[in-house]
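Let me begin by presenting the structure, written as structure tokens, before commenting on it.
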Amino acid sequence: MTSISSDISKEDPEQLFRVLEVIGQGSFGVVCTCINTVNNEIVAIKFLEMEAEENSSLKREITILKNTFNCPYIVKYHGCYLKENNLMIVMEYCDGGSILDIMQMCTLTLTENQIAAIMYQIVEGLVYLHSNKILHRDIKAGNVLVNKAGNAKLADFGVSAILVNTGFKQKTVVGSPYWMSPEVISPPKGSNGYDSKADIWSLGITAIEMAESKPPLFNLNPVKVIFVIPFRQAPTFEKPELWSKEFNDFVSICLNKEADKRPTAKDLLDHPFIRKGKENSSHIISELVSECIPVMQEYRKKRAQEEEEEEDTDDANSNNGTTISSSGVQKGTILKLNTITQKATIMTEDGQEKQGGTFIYNNTGSSKTTMNGSGTVVFSKSDMDDDEFDSGSVVFRGSLSEKFASHLKFRQQQQQDDDDDDDEDDDDEGEFDSGSVVYQKSPLEK
Ligand SMILES: Nc1ncnc2c1ncn2[C@@H]1O[C@H](COP(=O)(O)OP(=O)(O)OP(=O)(O)O)[C@@H](O)[C@H]1O
């Protein structure tokens, strides 16, 4: 990597960008398409809310990979802006959304050829990142974005780097357990943490996710899954016979429980499954995205209408005034975002200033456990209700290995007390605190 800029742009984002549409919602905020009023470029902006005290430290410490990656397989980050308590991360817009969006909104699983085409480009992205000593740490279908031009791009590592390295949102940094490698959850004795092979494991899980629409163990809640992965045999396809020998082999070598024995991303470029994917990769992805875009637009429109109807009903009941839904946000210039009240002030296209509406998704201070579509769950201790965990990521205070060790001790004690104890049916809830960092820093990642 050649350069890392370490600043937040001084320009006023309100002068620079106009919101077009809300296109997605993650654990920390919404993502909108916006138009850059200077060059008319359409970009995607992720709005992250933060608390006042985070704001000042963030200003000093933020490190964003800004215009750094000149790699076609990685979503470009254009910069970062701060407005009130909102951090806005501006990035390249991918018109096909994520692979998860495609699978969910179009209710489809991908064909082996499509998976191979996408996997080839992700592997190229990983080769680039790993050769620059950067780990992604959150490879999953929800973080692979695609476009009509036929590109598949890795997204979101820049954001997790901000979240982890700056302490921003430390209480709610998330990971995605279903995709986590055994050594990330439970580092082997004497190891210095994990390395790029953790991404290779997540890649194998993502391949299964694309083929079966869910990662392995998705039926278990994400808290429990953390304690299952290190002990279970490496996952495979539910029905291996549906897939070619090459694809089965690709998945099995990525999902070797011994990290050292997994191939590097560079090795994978020579794998027959990836070599097959390379042929016609752009064309296959382009065709897939072009077919899916109209269906996704229709889906979003319907969702926005449904939300508006729901909000109309809520308003009629609560008499709270107008709301702007997260997916039905009004077009216009963002004037102000108040993340405490979750209200936005927007200058609409006819020049009127409108206030109200939930703009930034924010679960801070709320007693709710929330889950987004890409399998991320954010919770606090008081929220740990089993019913709410059917997918996603978890958030802990302290390092995951500490948690795992304490859990293990607890588990051994329990087993002594009761031999009939069943591992999977146990209630792990009492073991966790709310908040904080799942990932450990890799020695590679400097
Ligand atoms: N650059 C982009 N281009 C197009 N769509 C995007 C872009 N970035 C994000 N999105 C859309 O916004 C959604 C939310 O993205 P975001 O990164 O906030 O959350 P996530 O990755 O889905 O979840 P989490 O934050 O829990 O990992 C994505 O699922 C995708 O649909």
Checklist entry - What do you reckon, is ARG262 of a type outside the set (Phe, Trp, Tyr) and open to solvent by 50 Å² or more (accessible area, probe 1.4 Å)? => result no
Checklist entry - For region 219-248, how many residues meet the condition of being farther than 17 Å from ILE274 by Cβ and either in contact with a strand residue (DSSP E or B) (Cβ under 7 Å, 6 or more places away or on another chain) or open to solvent by less than 40 Å² (accessible area, probe 1.4 Å) (or both)? => result 14
Checklist outcome for this item: All conditions in (1) modelled with pLDDT of 95 or more; (2) among the β-branched types (Val, Ile, Thr); (3) in contact with an Asp or Glu (Cβ under 7 Å, 6 or more places away or on another chain) are true of THR323 except (1)
Checklist entry - Any residue in region 138-145 that is modelled with pLDDT under 90, within 16 Å of the ligand (Cβ to nearest atom), under 19 Å from LYS266 (Cα atoms) and open to solvent by less than 10 Å² (accessible area, probe 1.4 Å)? => result no
Next on the checklist: Among the residues of region 84-100, are any within 16 Å of the chain's Cα centre (by Cα), in a helix (DSSP H, G or I) and either on the phi > 0 side of the Ramachandran plot or within 9 Å of the ligand (Cβ to nearest atom) (or both)?
Outcome noted: yes
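Rundown of residues vs (1) within 11 Å of the ligand (Cβ to nearest atom); (2) open to solvent by less than 10 Å² (accessible area, probe 1.4 Å), yes/no style:
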residue	(1), (2)
MET105	yes, no
LEU108	no, no
GLU112	no, no
MET119	no, yes
LYS148	no, no
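Listed here are the residues, each with its yes/no results for (1) more than 16 Å from the ligand (Cβ to nearest atom); (2) assigned to a helix (DSSP H, G or I); (3) at pLDDT 85 or above; (4) open to solvent by 20 Å² or more (accessible area, probe 1.4 Å).
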| residue | (1), (2), (3), (4) |
| --- | --- |
| ILE4 | yes, no, no, yes |
| GLN15 | yes, yes, no, yes |
| ILE23 | no, no, yes, yes |
| VAL38 | yes, no, yes, yes |
| ALA44 | no, no, yes, no |
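The values are calculated or read from the model by the stated rules, or taken from the named source; none is laboratory data. As the structure is a prediction and not an experimental result, all values here were calculated from the model. Here Cβ is always computed from backbone atoms with ideal geometry, including for glycine, and neighbour counts include all displayed protein chains. Side chains are part of the model used for accessible areas, which takes the heavy atoms of the whole protein and leaves out ligands, DNA and RNA. Shrake-Rupley method; radii C 1.70, N 1.55, O 1.52, S 1.80 Å.
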